[in-house]
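Rule-based calculations on the coordinates, nothing more; no lab input. Keep in mind it's a predicted model, so treat the numbers as computed, not measured. In this analysis, Cβ positions are derived from the backbone assuming ideal geometry, glycine residues included, and neighbour counts consider all displayed protein chains.
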Amino acid sequence: MRTQVAIIGAGPSGLLLGQLLSRAGIDNVIVERQSAQYVLGRIRAGVLEQVSVEMLDECGLGARMHREGLVHHGIELLFKGARHRIDLHDLSGGKSVMVYGQTEVTHDLMDARKVQGLATFYETGDTVKLHDFDGARPKVSCVQDGKAHEIECDFIAGCDGYHGASRASVPASALKTYTKDYPFGWLGVLADVPPVSHELIYANTGRGFALCSMRSPTRSRYYVQVPLQEKAEAWSDAAFWDELRRRLDVEAREHLVTGPSIEKSIAPLRSFVAEPMRFGRLFLAGDAAHIVPPTGAKGLNLAATDVKYLSAALIEHYRHKSDRGIDDYSRKCLARVWKAERFSWWFTSLMHKFPDAGDIGQKLQEAELDYLVSSRAASTALAENYVGLPL
Ligand code: APR
Ligand code: PHB
């Protein structure tokens, strides 16, 4: 078969790109290793910047998000046993964030693709191969249900995450990668209990970081920092709630409602960037090109802005016969990516207990947090980054 853009990966990057291209009349095919059900089963972050909200609106997919999502104007920082509110809305000149799970975003995008009858090959396993993207006629091949397919295309969009085939197809000599692995992970629990507070609480404690987040007024998402070698199965629900409670302030501890976990898993924390993000007719977007630690929830938002730049570049190519956007894609994305990498690394470093930092490390973090909540300039820097820097 033949298409204009072959997209590898049906995560938020691939699905969003597919929507934006289809709306512009650009034909595309998605090839996904897993089943749709499997993709939807992955629990990821749930804070959308305004640009991401606007992109879903642009695709005509914002209705459920605006109905069910929660608009947040602030976050709380908890340290030395007390909470301090950062007024995102006031400090950022009127911006806010939308709490709406990545699972829901993916769901809405998958439903729309299905209704529009756009071609998607699910469950291709590890059979996906990228060919000839350094020439004028790239191809993607895969096997689905034992049947081999070959997709001829003009461009390939590598939206297949950190472990995908796209970045792996690029010769190592053409790629420069930057990596930082953190010596801890996040143990996350999803539970059908009301959130402890109406805003997110980011906690710095002597026992390690904790985060109180939510998916809806009746569904909470909580995390505690744990050593990397811990296993989620070794944590009973009771042990999790007990550890979370110990990391909260007195009032939150009293308000915390516990219940059986629906999901429990440990995610490692990593900073990673691959440069450049384009090789001939192959583009990398989202987690395929960069990973941020989850503190600040930038992963999905960065993926969305990559896709915004990529869709605009491809539309410019087809409509206006100009490759300016294509030639500038990698530079434009990376300028934004590195700023989000810096913010996520800084917020992670400020809020977590590092094994070798000692008591002085804790004291220095507390001094910075004190400064952060008492200086309007410092709070503004946090707020501007949290709601998303301008495009
Ligand atoms: N062939 C086809 N599909 C693949 C392959 C492959 N070889 N390898 C991976 N995939 C699929 C995965 O199964 C997944 O569904 O690519 C998709 C990539 O999705 P994500 O990992 O969600 O990445 P992305 O769409 O860029 O979304 C970025 O999602 O992962 C979070 O933290 C991340 O929030 C950020 C956002
Ligand atoms: C989440 O709800 O999963 C979440 C929220 C904020 C973060 C990270 C994760 O910074």
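Structure above, values below:
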quantity	calculated
Order of S166, S220 under a 10 Å beta carbon neighbour criterion, fewest first	S220, S166
Filter on K129/K264; K95/K231; K176/K308 - keep pairs with C-alpha separation over 28 Å	K129/K264; K95/K231
Within the stretch 256-391: Cβ-based charge dipole about Cα centre, in debye rounded to nearest 20 (Lys, Arg +1; Asp, Glu -1)	520
Positive-end residue of A267, M1, H317, charge dipole of the chain with Cβ unit charges	H317
Förster radius 22 Å - calculated FRET efficiency between K321 and R137 (Cβ-Cβ, nearest 0.05)	0.75
Test item: Cα-centred dipole of the stretch 1-84, Lys/Arg +1 and Asp/Glu -1 on Cβ, debye	320
log10 of Debye I(q)/I(0), alpha-carbon scatterers only, for the chain at 0.08, 0.13, 0.14 Å⁻¹	-0.42, -1.09, -1.23
Relative exposure of R221, R270, judged by other C-beta atoms within 10 Å (fewest first)	R270, R221
Cβ-defined net charge surrounding A36, 11 Å radius [Lys, Arg +1; Asp, Glu -1]	-1
Listed residue (S197, G25, T348) projecting farthest to the positive dipole end of the chain, Cβ model	G25
Among V292, Q34, L175 the positive-end extreme of the charge dipole of the chain (Cβ point charges)	L175
Calculated P(r) of the stretch 1-84 - Cα pairs past 18 Å, %	59
³J(HN,Hα), Karplus 6.51/-1.76/1.60, whole Hz, each residue of the stretch 236-249, x for Gly, Pro	6, 4, 4, 5, 4, 4, 4, 5, 4, 4, 5, 9, 9, 7
L48 long-range amide H proximity, modeled H, under 5 Å	M98, V99, Y100
Cα-projected label distance for K80 with R2, points at 7 Å along beta-carbon direction, nm	6.9
Considering only the chain, percent of DSSP beta bridges that pair antiparallel, nearest 5	75
Only Lys, Arg (+1) and Asp, Glu (-1) charged, at Cβ; the stretch 67-192 dipole about Cα centre in debye	420
Amide hydrogen neighbours beyond the local backbone of S265, cut-off 5 Å, H modeled	G188
